[in-house]
Ligand code: HEM
């Protein structure tokens, strides 16, 4: 089936002009395109036909109802270079099998065990902070979430190799800037992409860490009761009855390691930034934590009693969605919103665009956790989709909510951040939405904060920035 209507969209007479505009300001370009041309906009990047879909119901159509007509978009095809055939990048039967194998690691009863580790690592992290010290909040959160994912899923302590991993991660995330995504495959494969060599070196560093972890675990032979033990023991009962090769194992570990910390770290970093900018919200958060936890560390069971904490984190992921763009490639001719999508075209759905749509969120750039109060009427399903949807929905969603809320509830009891004046905080859309220059802030001990077991002063002076 092919429907001949072309959607409206930005056109340029100069070849490459649209790609240039996109490269210069990806977020601005997508937002302007959707606002100007509507819920389905068509354009080309290089020679690639693109359809930007920005209506929640149509996004649901692509991600859920017509999921079988699409494969992962180009960005993730390129990520395969690094992530191999892991859960994020594999397709079809291999993806389904791997998802079945990995899923039990994210079951509710498993999360219960992870919660205590998340809180313990957050407390250890906070214990090393000193009042008055200037930190990059983004790096702080990256280190913490990396330690959490490594400990919970792989029972591995990353503290020793953190520096090397940092550098490698920086190269890796940076090299997935949008240009590379739209270059022909052969340019990338033959290393003609300028940053290919640096990317290879970064991959080798991460490989060394991960293969080292796998080898140590195989040699030890003990069941640690974590995801790595499960993956090592897993056999494909529906298929050839064999276990995973070291390569497949490496791909899964690399995938979960990367997908499992970069996103949550950014969500938390943006949350701290917003709290620092909005002292009135910070005060309410503090009051809730104080009332419910009274200085003790939180547990997973406390989370239902912390609705405001959840509202804050939800709103932060609306304003700064860590996954800001999803791509799908049409495996066959199909149609979305009445427009024909030819086979091979790429459909883009941007959380950045939808989460800032004034039809769904009046005054969309304003930080307002009240949008998520219980009495606010429900919005359409894909008006908010930080975790994607359909069969490729984030497998770590429950993990990420637990982690985000527990880390916030643990650290915000003792600490607040005061932004360093003049430091530019600018979102940079790479694989995830990172702050381009980091978020520099002074660590401040909360007035009246107490460690577990300490008595709380009756009335507490509160300094507000
Ligand atoms: C705030 C935190 C997170 C956000 C915003 C996020 C977002 C997403 C999104 C949007 C997708 C779908 C991508 C697509 O459809 O193309 C995804 C997939 C995935 N995420 Fe997350 N994620 C987060 C945390 C995590 C965590 C903590 C883990 C693991 C520990 C994880 C593991 C994965 C994996 C393995 C996939 C691929 C699933 C599949 O294709 O079957 N994510 N994530």
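All of the numbers you see were taken from the coordinates with simple rules; none came from a lab. The model shown is predicted, which means the values in this text are computed figures rather than measured ones. Backbone-built Cβ (ideal geometry, glycine too); neighbour counts: all protein chains shown.
Taking the criterion of being more than 6 Å from the ligand (Cβ to nearest atom), under 19 Å from residue 142 (Cβ atoms) and within 12 Å of the chain's Cα centre (by Cα), the only residue of segment 383-403 that qualifies is 401.
The numbered conditions (1) surrounded by 18 or more Cβ atoms within 10 Å (Cβ to Cβ); (2) touching a residue at least 40 places away in the same chain (Cβ under 8 Å) are all true for residue 110 except (2). The sole residue among 424, 386 that is within 30 Å of residue 131 (Cβ to Cβ), in a loop (DSSP other than H, G, I, E, B) and touching a residue at least 12 places away in the same chain (Cβ under 8 Å) is 424.
The set of residues in segment 119-139 being closer than 18 Å to residue 446 by Cβ, in contact (Cβ under 8 Å) with a residue 12 or more places away in the chain and away from the ligand (no atom under 16 Å from the Cβ) consists of 123, 125, 126, 129, 130, 131, 132, 133, 134, 135. Among the conditions (1) part of a helix (DSSP H, G or I); (2) within 11 Å of the ligand (Cβ to nearest atom); (3) crowded, with 19+ Cβ neighbours inside 10 Å, residue 99 misses just one, which is (3). Among helices (runs of 4 or more DSSP H) entirely within segment 204-297, having at least 2 residues that are within 16 Å of the ligand (Cβ to nearest atom) and buried (at least 17 other Cβ atoms within 10 Å of the Cβ) singles out 227-233, 246-259, 262-277. When residue 271 is tested against (1) in contact (Cβ under 8 Å) with a residue 40 or more places away in the chain; (2) farther than 30 Å from residue 373 by Cα, just one condition goes unmet, and that condition is (2).
Take the conditions (1) within 16 Å of the ligand (Cβ to nearest atom); (2) under 18 Å from residue 313 (Cα atoms); residue 370 misses just one of them, which is (1).
For segment 298-349, taking the residues that are assigned to a strand (DSSP E or B) and more than 14 Å from the ligand (Cβ to nearest atom), the one that is nearest to residue 384 (Cα to Cα) is identified as 336.
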